[in-house]
Amino acid sequence: MASNSNAAQNKKDKHAVHEIKTVMDDNKPHWYIVQTYVGFEDAVRKTLEQKISNLSLQKKILEIFIPTKTVVKTNAKGDKKEKEEKVYPGYIYVHTVLDKEIGYLIQNTQYISKIAGTGDYAVPLEEGYVDRLKEQLFKDSQTIESVSNIDYSIGNLVKVIDGPFKDMQGKVCGVDAPNNRIDVLLSIFDRETRVELDVLEVRKVIN
């Protein structure tokens, strides 16, 4: 029984952490994309923050960032409702010195799939990328006026015309007519991701 348990643990470790490498072996913090289960981004951040506090890792993990934008929707009566919307469901950004200790901690956190990269390499984002993303998201926080009709069906091909996914194309996979929202499958970092959008952020692609 113990032998089987050890074998299972070794297999997990090889997949998750001990073979992790980074192209930045300079002992400096860089931003990395971490894939999570969709809908568990906040839970992952809370768990990582607890681990950072308990293990005194503030000098190794400097920031955890979940990209969001503020949307103020106005209904037909003129009532306004403000909402924070995640723009990359299933992804968080971690500013960290990525060594084996941190790699193990991150990839063995519940609801985390992996640190994004190429093959065995965890690839950091280019310098300044996250700062530019934060600036763009601030600009994209906007008022979205309500619309009276929704004219989209499952399978429709649409193009995003506003927001962080601008110019991307995908297929409609869900329709929420009362709230003027649709779900669209977009390819984000080579991963098909379901993204909720307002109908004013897209337009149909006519073949």
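The values are calculated or read from the model by the stated rules, or taken from the named source; none is laboratory data. Everything numeric in this text was worked out from a predicted model, so none of it was measured. When we count neighbours, we look across all protein chains shown, and the Cβ atoms used for this are built from the backbone with ideal geometry, even at glycine.
The set of residues in the range 51-69 that are over 19 Å from Asp99 (Cα atoms) and not aromatic (Phe, Trp, Tyr) comprises Ile66, Pro67, Thr68, Lys69. The single residue among Leu133, Leu105, Leu137, Leu98 that is assigned by TED's automatic domain parsing to the domain that holds Lys83, assigned to a loop (DSSP other than H, G, I, E, B) and either free of Cβ contacts under 8 Å to residues at least 24 places away in the same chain or surrounded by 13 or more Cβ atoms within 10 Å (Cβ to Cβ) (or both) turns out to be Leu98. Does the range 151-158 include one or more residues that are loosely packed, with under 10 Cβ neighbours inside 10 Å, of a type outside the set (S, T, N, Q) and either modelled with pLDDT of 90 or more or touching a strand residue (DSSP E or B) at 6+ places or on another chain (Cβ under 6 Å) (or both)? Yes, the range 151-158 contains a residue that is loosely packed, with under 10 Cβ neighbours inside 10 Å, of a type outside the set (S, T, N, Q) and either modelled with pLDDT of 90 or more or touching a strand residue (DSSP E or B) at 6+ places or on another chain (Cβ under 6 Å) (or both).
If I filter the range 7-15 for residues that are in contact with a Ser or Thr (Cβ under 7 Å, 6 or more places away or on another chain) and either surrounded by 15 or more Cβ atoms within 10 Å (Cβ to Cβ) or at pLDDT below 90 (or both), do I get at least one hit? Scanning the range 7-15, I find no residue that is in contact with a Ser or Thr (Cβ under 7 Å, 6 or more places away or on another chain) and either surrounded by 15 or more Cβ atoms within 10 Å (Cβ to Cβ) or at pLDDT below 90 (or both), so the answer is no. Only one of the numbered conditions (1) out of contact with any strand residue (DSSP E or B) (no Cβ under 8 Å at 6 or more places or on another chain); (2) part of a helix (DSSP H, G or I); (3) at pLDDT 95 or above is not met by Leu48, and that is (1).
For the range 64-110, filtered to residues that are within 16 Å of Trp31 (Cα to Cα) and of a type in the set (S, T, N, Q), the residue that is modelled with the lowest pLDDT is Gln107. One residue stands out in the range 111-136 among those that are within 24 Å of Glu85 (Cβ to Cβ) and touching a Ser or Thr at 6+ places or on another chain (Cβ under 7 Å): the one that is modelled with the lowest pLDDT, namely Ser113. Starting from residues that are closer than 19 Å to Val130 by Cα and surrounded by 17 or more Cβ atoms within 10 Å (Cβ to Cβ), keep the ones in the range 49-65 and report whichever is nearest to the chain's Cα centre (by Cα). My answer is Ile64. Selection within the range 163-207: residues that are in contact (Cβ under 8 Å) with a residue 40 or more places away in the chain and more than 26 Å from Tyr37 (Cβ to Cβ). The member of this set that is surrounded by the fewest Cβ atoms within 10 Å (Cβ to Cβ) is Asn207. When Gly39 is tested against (1) within 30 Å of Asn180 (Cβ to Cβ); (2) surrounded by 13 or more Cβ atoms within 10 Å (Cβ to Cβ), only condition (2) is not met.
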